[in-house]
Amino acid sequence: MISPPRIRMMHTMYAAASVYVLFGIPAPVGAFTCKSVGSIQHHNRHDGLRPLRGVVSRPSVGSRRNHAPVHVLVASSSSRTEEQEQEEKEEVGISELNQPKFLADLDQSSRQMLDELTITTSSQSQQCSIQWKFQGHDINCRVNRPGPGVGVVDNGVVDTNSPTTSSSSTKPVIVLVHGFGCSLVYWRETVQSLTRAGYTVYSMDLLGHGRSAKPTENVTYSTKLWARQLDDFCRDNLSSRDEEEDNIVLIGNSMGSIIALHAATGEFANESSSSSSSPAAAAGRGRPPPPYIREHIAGIGMFNCGIGMNIHSITRDEKWNPLQRYALDAIFTFLENTVFGNVALMEWILDKVVTRDFLRKTLLQLYQNAENPEATVDNELVESLYEPAKDPNSAQVLSQILTNEAGMTPMEVHAKYGPFLDDLPIHVVWGAADTVTPVDGIGEVGQLYSALGAADDNKVTMDLVQAGHIAFDEAPDVANGSMLGWLSSLVPA
């Protein structure tokens, strides 16, 4: 049978999933700690450029299996003394750490890029809304392009004195994919970092999220549906770029990362069920076009990665025996029938429980590692969650998301598309303090990418940062800086 500690963990995770979906934000599950490590330049959104110190350390993961070391970038408290930092360096043993693979072929100054990252804020991007429909439904989407005077990445550092034309033509276009219950709003820091570095950035609200339409008739929400949305969007809006180039990088967060995997591999095109339907099929015009992103993908960036659309993905872990899997399915089915399938109850919760004050307090818990949580959890962020929760169709949409087929897990996607994904650059940035998807949590997605990142037969790299589930907005300079460094390795010299 399932051990009592594991049952308690499963109950906690399911309760967290309830808050995550019903309220549009994650709830804490468990904890993960690691030492502060590395030397970086940190830029606060309110203050000027200033250095923070740290060290590189192995994550303090569990003992169930042998975990591969990953590169850790952590901004530590300014109150730490140099003596304390030196003691930690000696304790950890910096010389024994593996060099991140994406730095292996760069010169010496480039190899120091993540330790001396400087991000400037001297310019603004040019932002435009995009009028676009997916399967006849309005999608909230926008494009941010580098503005006048923005810099380019030179050896991983944003140089605002260089003309943008020096490398902008060779840079891939970035498409951001948000997570469960979120929207394009929380990519604000990432968009700024990328456009300052000369990248064109597209972002959108997935169908049923944010300010996009939330249809409930003739729509079955799934990871395949959202992957097809991404593919259709790129075909319709990015196909004017050089067709001969691998020019698309998908960057996801949590559930958005697994959606990016589905889109990059073309898995959504395998229509084994009614879990998704294409615009062409819906209109009765025959088979949909072949996957577009797969032919133009240059890489995938992940700010952590979820295991699937909902908690049912956990039951497909091979560690469960048939009896354990049956027990878990029974527990999940009972909760779905009594809570998540009860649309009236979910409507009441969204209407009466979800207030701006409730959302702000919950977000502050998620942003504990931010330098100034109260400033980061601002009105814009709160409203981006509050307004969609009050949409008349939100309860029905979220009920579907919680109870529909969970979709393939990252482990299953890698097993099915191993040769393709092994040759595709993938960079994972994981929050060491992530309590929603702990790097060593149930589901073992973090362990998967930790192991892949240490292997030599693929192009996966992984960094741990001292942040939580939304590292790119909570600790933007470290998290987005890691992603910028990896992106610079994709740009031809």
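The values are calculated or read from the model by the stated rules, or taken from the named source; none is laboratory data. Here the structure is a predicted model, which is why all the values come from computation and not from measurement. Cβ coordinates were reconstructed from backbone atoms using ideal geometry, including for glycine residues, and neighbour counts include every protein chain displayed. We work out accessible area using only protein heavy atoms, side chains counted, and drop any ligands, DNA or RNA first. Shrake-Rupley method; radii C 1.70, N 1.55, O 1.52, S 1.80 Å.
The table that follows gives values for the structure above.
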| quantity | calculated |
| --- | --- |
| Qualifying position, being under 30 Å from Asp477 (Cα atoms) and modelled with pLDDT of 95 or more, among Val397, Val382 | Val382 |
| Residue match in the stretch 295-314 (condition: at pLDDT below 90, open to solvent by 10 Å² or more (accessible area, probe 1.4 Å) and β-branched (Val, Ile, Thr)) | yes |
| Given (1) assigned to a helix (DSSP H, G or I); (2) open to solvent by 50 Å² or more (accessible area, probe 1.4 Å); (3) within 23 Å of Gly446 (Cβ to Cβ), index of the condition Lys319 fails | (1) |
| Leu484 vs. criteria over 14 Å from the mean Cα position of the chain (by Cα), part of a helix (DSSP H, G or I) and at pLDDT 95 or above | yes |
| Test: residue in the stretch 326-333 that is assigned to a loop (DSSP other than H, G, I, E, B), open to solvent by 10 Å² or more (accessible area, probe 1.4 Å) and without any contact (Cβ under 8 Å) to a residue 24 or more places away in the chain | no |
| Within the stretch 462-481, tally of residues that are among the polar types (S, T, N, Q) and either modelled with pLDDT under 95 or within 20 Å of Pro438 (Cβ to Cβ) (or both) | 1 |
| Unique match (being modelled with pLDDT of 95 or more, touching a strand residue (DSSP E or B) at 6+ places or on another chain (Cβ under 8 Å) and closer than 23 Å to Asn310 by Cα) among Leu194, Leu206, Leu225 | Leu206 |
| Criterion: open to solvent by 20 Å² or more (accessible area, probe 1.4 Å) and at pLDDT 95 or above - qualifying residue of Val185, Val157 | Val185 |
| Test: residue in the stretch 339-355 that is modelled with pLDDT under 90 and under 21 Å from the mean Cα position of the chain (by Cα) | no |
| Qualifying residues in the stretch 366-379 (those that are open to solvent by less than 60 Å² (accessible area, probe 1.4 Å) and in a helix (DSSP H, G or I)) - the one nearest to Pro476 (Cα to Cα) | Thr376 |
| Answer from Gly453, Gly446, Gly468 - the residue that is within 14 Å of Asn253 (Cα to Cα), assigned to a helix (DSSP H, G or I) and either open to solvent by 30 Å² or more (accessible area, probe 1.4 Å) or in contact (Cβ under 8 Å) with a residue 40 or more places away in the chain (or both) | Gly446 |
| Residue that is farthest from Tyr417 (Cα to Cα) [pool: residues in the stretch 471-493 that are out of contact with any strand residue (DSSP E or B) (no Cβ under 8 Å at 6 or more places or on another chain) and open to solvent by less than 10 Å² (accessible area, probe 1.4 Å)] | Asp473 |
| Residue that is more than 18 Å from Phe180 (Cβ to Cβ) and of a type in the set (Phe, Trp, Tyr), where the choices are Phe340, Phe334 | Phe334 |
| Check on Leu363, farther than 23 Å from Val339 by Cα, outside any loop (DSSP other than H, G, I, E, B), open to solvent by less than 30 Å² (accessible area, probe 1.4 Å) and not β-branched (Val, Ile, Thr) | yes |
| Residue count for the stretch 208-222, restricted to those that are surrounded by fewer than 17 Cβ atoms within 10 Å (Cβ to Cβ) and of a type in the set (A, V, I, L, M, F, W, C) | 0 |
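Results for (1) in a helix (DSSP H, G or I); (2) surrounded by fewer than 20 Cβ atoms within 10 Å (Cβ to Cβ), shown as yes or no for each residue.
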| position | (1), (2) |
| --- | --- |
| Glu383 | yes, yes |
| Asp391 | no, yes |
| Leu398 | yes, no |
| Met408 | no, no |
| His414 | yes, no |
| Leu421 | yes, no |
| Val428 | no, no |
| Ala433 | no, no |
| Pro438 | no, no |
